[in-house]
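Some notes on the structure that comes next.
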Amino acid sequence: KYLFMIKKTLFVTVCLCSIFTFAQTSTKTNLDNLFKTFEKENKAMGAVSIFKNGTEIYQKEIGFANIKTKKRGNKFTKYRIGSISKTFTATIILQQIDEGKLTLNTLVTAYFPKLPNANKITIEDLLRHESGLVNVTNDTNIRSWITKHQTRKQMINRFIKNGTEFEPKEKSKYSNTNFIILSYISEIIDKNSFNKILEDRIIKPLHLKRTEFGNPIKPTNNEALPYYFENNQWNLIDMQTNMSAPMGAGAIVSTSSELNVFYSNLFSGKLTSDASLKKLMTIKNGIGLGIMQFEFKDLKVFGHDGGIDGFQSYALYIPEKNTTMAFTCNGLNAMMMPTVISILETYFKNDTSLKKTPTLQLKSEELDVYLGVYSGKTFPAKITFTKKGTTLFAQATGQPIFELISPKKNLFIYDSMGIHFDFNLQNKTMELTFGGKKHLLEKEE
């Protein structure tokens, strides 16, 4: 809603509009510069789209969809989106629940009684990755079958053979097996192929033109080829997953713009009941129903990443800002999450409504006591602290380096993701808080 009163003068209105336009222009320029840097430094190839209040306000492509022919990507170039497919599958299952065809408490034994713990695993356990079923993509023989057509029977037999890692609801552990089973269940309920179900329930109602169940890549149909960066160049990945294997866990193809259309409609309540949407967004151990959640500068961000055959993608929704973003890549020479954070930081750079953390101004020599390497039994990586001038930096093993700020003595944070490093200089320890969990790390001598 506009906050202007009709009685305000034309001069004030024009000034406010000018400031708004300037802010928008500045944000666009900042984003353009960020993606130019990505392209120049060979960090990524692909497309990004940003929607505000259901309308696209920014769209950009970088790099090539096909290096051999020097064809650049455009707004309509299709990318394999990998595990973002899980949000589509969860939506389909919730629609079927809304129609009374099953419930979150329905047991898997009703559809696949021979699966391990089928009489204990519920639909919700599958959606929340709490089934305990072994992740089929961890199969040591996966390369021998992933590129070939797979029948439902072949995949189910594989799940039975692989067994379980833990009892249902005991904990959460990401497993593609869960969502392949969910796509099979949706087929049984609707008596149709997952391909057709996806088309009837999501693609056609939303008038999506470039979203579909994946097929072998056809570059002549404006479909991107996947690449990896090595020896200072992008190299083609010639292995392609046959989409009959990942099914609802990772078989969908789309564009960044159409992913935003899907996310905008989903989170505005146009695809499921309010009750189902609320359930989808109810987070437990960082996981909802086909969705994940993290925090950025005190904003809740719901989303999902995707990776398949060299393609990497991320789609997200920020309720407080009614904003969706999607980043689809056919080449990524960086970690996805820091890349997403850099996009968010650039987009919200001029947003004065975001919480600003007060920081201490420390001298360079005052940072020396924090420098060094820290490690602990409960955290899988070592963390190295370095400085440049009056700024402290942290870097976990194999991860990008990031800048820290200090809101109070002996406490440093990575503000964008709410990561805290609380130093106890006397004991030579540091308590790391990340994702709601605390880890005690000791300084290595």
Quiz item: Within the bounds of the range 152-165, is there any residue that is of a type outside the set (Val, Ile, Thr), touching a Lys or Arg at 6+ places or on another chain (Cβ under 7 Å) and surrounded by fewer than 17 Cβ atoms within 10 Å (Cβ to Cβ)?
Solution: yes
Quiz prompt | Pairs with Cβ under 7 Å, 6+ apart, first in the range 203-224 and part of a loop (DSSP other than H, G, I, E, B), second modelled with pLDDT of 95 or more and of a type in the set (Lys, Arg) | solution = ARG210/LYS78; GLY214/ARG80; ASN222/LYS78; ALA224/LYS78
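Conditions tested, residue by residue: (1) more than 20 Å from ILE202 (Cβ to Cβ); (2) touching a Pro at 6+ places or on another chain (Cβ under 8 Å).
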| position | (1), (2) |
| --- | --- |
| LYS52 | yes, no |
| TYR58 | yes, no |
| GLU61 | yes, no |
| ASN66 | yes, yes |
| LYS78 | no, no |
| SER83 | no, no |
| THR87 | no, no |
| GLN96 | no, no |
| GLU99 | no, no |
Exercise. Determine which member of the set THR339, THR324, THR378, THR328 is open to solvent by less than 50 Å² (accessible area, probe 1.4 Å), under 25 Å from the mean Cα position of the chain (by Cα) and more than 18 Å from GLY63 (Cα to Cα).
Key: THR324
Exercise. Would you check if there is a residue in the range 86-95 being β-branched (Val, Ile, Thr), buried (at least 24 other Cβ atoms within 10 Å of the Cβ), under 18 Å from GLY290 (Cβ atoms) and in contact with a strand residue (DSSP E or B) (Cβ under 6 Å, 6 or more places away or on another chain)?
Key: yes
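Right, ASN221: open to solvent by 60 Å² or more (accessible area, probe 1.4 Å), at pLDDT 95 or above and over 27 Å from GLU99 (Cα atoms) or not?
Values: open to solvent by 60 Å² or more (accessible area, probe 1.4 Å): yes; at pLDDT 95 or above: yes; over 27 Å from GLU99 (Cα atoms): yes.
Spelling it out, ASN221 is indeed open to solvent by 60 Å² or more (accessible area, probe 1.4 Å), at pLDDT 95 or above and over 27 Å from GLU99 (Cα atoms).
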Quiz item: Which one of these does LEU411 not meet: (1) of a type outside the set (Asp, Glu); (2) closer than 27 Å to LEU316 by Cα; (3) surrounded by fewer than 17 Cβ atoms within 10 Å (Cβ to Cβ)?
Solution: (2)
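Residues in the range 395-405: is at least one exposed (fewer than 14 other Cβ atoms within 10 Å of the Cβ), within 23 Å of the chain's Cα centre (by Cα) and of a type in the set (A, V, I, L, M, F, W, C)? Talk me through it step by step, then tell me what you get.
Of all residues in the range 395-405, those exposed (fewer than 14 other Cβ atoms within 10 Å of the Cβ) come to 397-401, 403.
Right, trim to within 23 Å of the chain's Cα centre (by Cα) and you get 397-401, 403.
Checking the rest, the ones that are also of a type in the set (A, V, I, L, M, F, W, C) come to 401.
Yes, because at least one residue in the range 395-405 is exposed (fewer than 14 other Cβ atoms within 10 Å of the Cβ), within 23 Å of the chain's Cα centre (by Cα) and of a type in the set (A, V, I, L, M, F, W, C).
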Quiz item: Restricting the search to the range 110-133, which residues are in contact with a Ser or Thr (Cβ under 9 Å, 6 or more places away or on another chain), touching a residue at least 40 places away in the same chain (Cβ under 8 Å) and surrounded by fewer than 17 Cβ atoms within 10 Å (Cβ to Cβ)?
Solution: LYS120
Quiz item: From the list ILE180, ILE185, which one is in contact with a Leu (Cβ under 9 Å, 6 or more places away or on another chain) and part of a helix (DSSP H, G or I)?
Solution: ILE185
Exercise. Mind counting the residues in the range 236-257 that are open to solvent by 20 Å² or more (accessible area, probe 1.4 Å), in a loop (DSSP other than H, G, I, E, B), aliphatic (A, V, I, L, M) and modelled with pLDDT of 95 or more?
Key: 1
Quiz item: Can you tell me which residues in the range 41-61 are touching a helix residue (DSSP H, G or I) at 6+ places or on another chain (Cβ under 6 Å) and open to solvent by less than 10 Å² (accessible area, probe 1.4 Å)?
Solution: ALA44, ALA47, VAL48, SER49
Practice problem: Starting from the range 174-199, take each residue that is open to solvent by less than 50 Å² (accessible area, probe 1.4 Å) and modelled with pLDDT under 95 and list its partners that are among the charged types (D, E, K, R) and assigned to a helix (DSSP H, G or I), counting only C-beta distances under 8 angstrom and pairs at least six apart or across chains. | Solution: none
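Consider LYS443 carefully, then state whether it is open to solvent by 30 Å² or more (accessible area, probe 1.4 Å) and either of a type in the set (Ser, Thr, Tyr) or out of contact with any Gly (no Cβ under 7 Å at 6 or more places or on another chain) (or both).
Numbers: open to solvent by 30 Å² or more (accessible area, probe 1.4 Å): yes; either of a type in the set (Ser, Thr, Tyr) or out of contact with any Gly (no Cβ under 7 Å at 6 or more places or on another chain) (or both): no.
When the stated conditions are applied, LYS443 does not pass them.
Given the condition assigned to a loop (DSSP other than H, G, I, E, B) and β-branched (Val, Ile, Thr), answer yes or no: does some residue in the range 106-114 qualify?
yes
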Quiz item: Only one residue in PHE112, PHE51, PHE38, PHE88 is within 19 Å of the chain's Cα centre (by Cα), of a type in the set (A, V, I, L, M, F, W, C) and more than 24 Å from SER342 (Cβ to Cβ). Which one?
Solution: PHE88
Practice problem: Note down all Cβ pairs under 7 Å where the first residue falls in the range 84-109 and is among the acidic types (Asp, Glu), the second is assigned to a helix (DSSP H, G or I), and they're at least six residues apart or on different chains. | Solution: ASP98/SER276
Self-check item: Boolean, PHE76 is surrounded by fewer than 19 Cβ atoms within 10 Å (Cβ to Cβ), out of contact with any Gly (no Cβ under 9 Å at 6 or more places or on another chain) and either outside any helix (DSSP H, G or I) or not charged (D, E, K, R) (or both)
Solution: yes
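The values are calculated or read from the model by the stated rules, or taken from the named source; none is laboratory data. Quick caveat: nothing in here was measured; it's all calculated off a predicted structure. FYI the Cβ positions are ideal-geometry reconstructions off the backbone, even for glycines, and counts take in every protein chain you see. Just the protein is used for accessible areas: all its heavy atoms, side chains included, with ligands, DNA and RNA removed. Shrake-Rupley method; radii C 1.70, N 1.55, O 1.52, S 1.80 Å.
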